[in-house]
1. On the given criteria, is ASN469 at positive phi, open to solvent by 10 Å² or more (accessible area, probe 1.4 Å) and either more than 16 Å from the ligand (Cβ to nearest atom) or at pLDDT 95 or above (or both)?
2. Does ALA438 satisfy the condition of being in contact with a helix residue (DSSP H, G or I) (Cβ under 9 Å, 6 or more places away or on another chain), touching a residue at least 12 places away in the same chain (Cβ under 8 Å), away from the ligand (no atom under 14 Å from the Cβ) and under 21 Å from GLU50 (Cα atoms)?
3. Identify, from the list ALA68, ALA42, the residue that is open to solvent by 20 Å² or more (accessible area, probe 1.4 Å), within 30 Å of PRO455 (Cβ to Cβ) and of a type in the set (Gly, Ala, Ser).
4. Considering only region 317-367, state which residues are assigned to a loop (DSSP other than H, G, I, E, B) and of a type in the set (Phe, Trp, Tyr).
5. So, in region 334-359, exactly how many residues are within 24 Å of THR108 (Cβ to Cβ) and charged (D, E, K, R)?
6. Give me the residue from region 285-309 that is among the small types (Gly, Ala, Ser) and touching a helix residue (DSSP H, G or I) at 6+ places or on another chain (Cβ under 6 Å) and, out of that set, least open to solvent (accessible area, probe 1.4 Å).
7. Return yes or no: is PRO410 open to solvent by 60 Å² or more (accessible area, probe 1.4 Å), out of contact with any Asp or Glu (no Cβ under 7 Å at 6 or more places or on another chain) and either closer than 21 Å to GLU367 by Cα or at pLDDT 95 or above (or both)?
8. So, in region 472-485, how many residues would count as being surrounded by 24 or more Cβ atoms within 10 Å (Cβ to Cβ) and either away from the ligand (no atom under 16 Å from the Cβ) or under 17 Å from GLY210 (Cα atoms) (or both)?
Amino acid sequence: MGTSQTTYDGIILGSGHNSLVLQAYLCKAGLKVLTIERRDTAGGGLTTLEDPRHPGFLHNTHSFYHRAINRMPWYKDLRLELHGARYLEPELNVALILRNGDALEWWTSFDKTADSFAAFSSRDAATLRRWREDFLPIVERILIPEGQSPPLPAEQRQRLLEKSPEGRYLLKVSALSPLEFVQAEFEHPVVQAGLLFFNGLREVDLRCRGFGHHIAALLASPGKAQICVGGSAALARALVSAVGEAGGEVLVQTELRRILTRNSRAMGVETASGEIFEARHFVASGLNPQQTFLELLDDGIVPQDWKQKARDFQYNLLAPLFALHLNLTEAPRYEAAKKHPHLQQAFMVILGLENISQFFEIVRHHETGTIPSPVMWGSCPTLFDPSQAPIGMHTAFMWEKLPYGLRGNPVHWDSEKIQHGQKMLEAWRQYAPNLSEALIDSFTRSPLDIERSFPNMREGDLLVGAFSNGQVGANRPFPGAGHYRGHIPGLYLCGSSCHPGGNITGLPGYNCAQVILSDLGLPAPWAPPSLFDRLTNS
Ligand SMILES: Cc1cc2nc3c(=O)[nH]c(=O)nc-3n(C[C@H](O)[C@H](O)[C@H](O)COP(=O)(O)OP(=O)(O)OC[C@H]3O[C@@H](n4cnc5c(N)ncnc54)[C@H](O)[C@@H]3O)c2cc1C
């Protein structure tokens, strides 16, 4: 989309889904808003690429598993299905396939999940059921409202939570790390490994205290992993369509040079080609704190302590992913499905994980910049959505958690990624031998490729900021900036570096929309009731 003017009510930097969610709400409130994106398509991590060498084979090179998206308030408010979005939630949501052909399974039906756990340990299945039941009201009354609202200051939150039994329970459990929680509560090594890996996947450093509630919360959450029909980019297209319908514009292929200020107020941006776009009311950054405060704002505009906090903002050591994408003549056929035929319909498949000690091995390799023995997870999207490949053909991918700084330097990935992809394929073939014959072509993406595509995902951190270092809630990205507001009037933050963080949730954008509309004195009839009131009455 081009632009039709140079003065807007507001300008948003970067077109990740959070920016687009924010833009759609603001445009629906009557504001003229422009989003500026450096790439040639909007949507950030909602990317689906057609293999240039093999027309018709689509690959989701960033996000693929979208958790409970069609239950998100913005998905409904923005009527994204009318704009072409559609989601499926495969029933056998996740299967951890073991070398012996057995599998630990998560189903959309909790009872089926508990049955699968019982095959490993009946005690663990009972524990799972108890935790889920305990957490159902906590998720409903505390965690979902918290995710969908600007965060309360940490002390106020603590005081409010201490007033209710559920709040006190949440505080007690979250004081643990996920690792401590799992080791204290579950006995079977496969159950321990599976819970930690699946439920902690990409989310948090499992050793990090403050997240002990994470696994129980995910068990009790209503929505599971979903696939966007047509590929993840179909959600981006629906968001862009909703933005367009509300009168918003998205300018792609445009590098930013500066955020402009006047009288200590954000008032526009300058692009790398020298074009100026003015903003009457606000500039909102969907980028990371270093880009916003250290690269795009003039040095003299940012106070020393904000610069220091931006410099100190940390990224997840364990988040970077290496991806192997395949074009296939048939779907992977898992040996384990000979014993358990339903495994052939598993949405997410985890391979190579047998016990909890591998988690420590993965951490150690991330710390030393070396490659652990393969633990990988992925899907065959075309089993659920045949539109992602030519008729009768398939695509499949596997991800591995691998360090960004390979042997101390991410550039090593450029010469080693093909070779590593072959090793990964070899490991995958041991579970699905038909891959040898079915393979048409393949390609890989390294953690460095991720950072190159999206500079906001610094160090390959697809969550755009660690959850350790206190970077949560009202202190995300850092104290003082945790309410989506920058240090000067008119400057806002709306990306994954803000509460509640990365992944495709749209919630940083949804929450930022509440803040901007409130600051502008405009109504937001769609906004949830105040979090303070909801926690007071929880
Ligand atoms: C390999 C991989 C797999 C993933 N899998 C999943 C998954 O299965 N499920 C899930 O929920 N999440 C997944 N994620 C994470 C998810 O994609 C991100 O957390 C999410 O996209 C972040 O959204 P965002 O709105 O903050 O911004 P982003 O999606 O990061 O978008 C930011 C946008 O800003 C643009 N930009 C950056 N710098 C500039 C600049 N200087 N000027 C202009 N524009 C700029 C970028 O080009 C990009 O379009 C995955 C990510 C990767 C990389």
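The values are calculated or read from the model by the stated rules, or taken from the named source; none is laboratory data. This structure is a prediction, so every number in the text was calculated from the model and none was measured. Counting neighbours? That spans all protein chains shown, and the Cβs are built from the backbone with ideal geometry, glycine included. These area figures cover heavy atoms from the full protein model, side chains too; ligands, DNA and RNA do not enter into them. Shrake-Rupley method; radii C 1.70, N 1.55, O 1.52, S 1.80 Å.
1. Values: at positive phi: yes; open to solvent by 10 Å² or more (accessible area, probe 1.4 Å): yes; either more than 16 Å from the ligand (Cβ to nearest atom) or at pLDDT 95 or above (or both): yes.
Yes; evaluated as a whole, the condition is true for this residue.
2. On the way: in contact with a helix residue (DSSP H, G or I) (Cβ under 9 Å, 6 or more places away or on another chain): no; touching a residue at least 12 places away in the same chain (Cβ under 8 Å): yes; away from the ligand (no atom under 14 Å from the Cβ): yes; under 21 Å from GLU50 (Cα atoms): yes.
The answer is no for ALA438.
3. Of ALA68, ALA42, the one residue that is open to solvent by 20 Å² or more (accessible area, probe 1.4 Å), within 30 Å of PRO455 (Cβ to Cβ) and of a type in the set (Gly, Ala, Ser) is ALA42.
4. Scanning region 317-367 gives TYR334, PHE347.
5. So in region 334-359, the residues within 24 Å of THR108 (Cβ to Cβ) come out as 334, 336-337, 339-351, 353.
Now restrict to residues that are charged (D, E, K, R): 339.
Total meeting the criteria: 1.
6. Per the stated criteria, the residue is SER285.
7. no
8. Result for region 472-485: 2.
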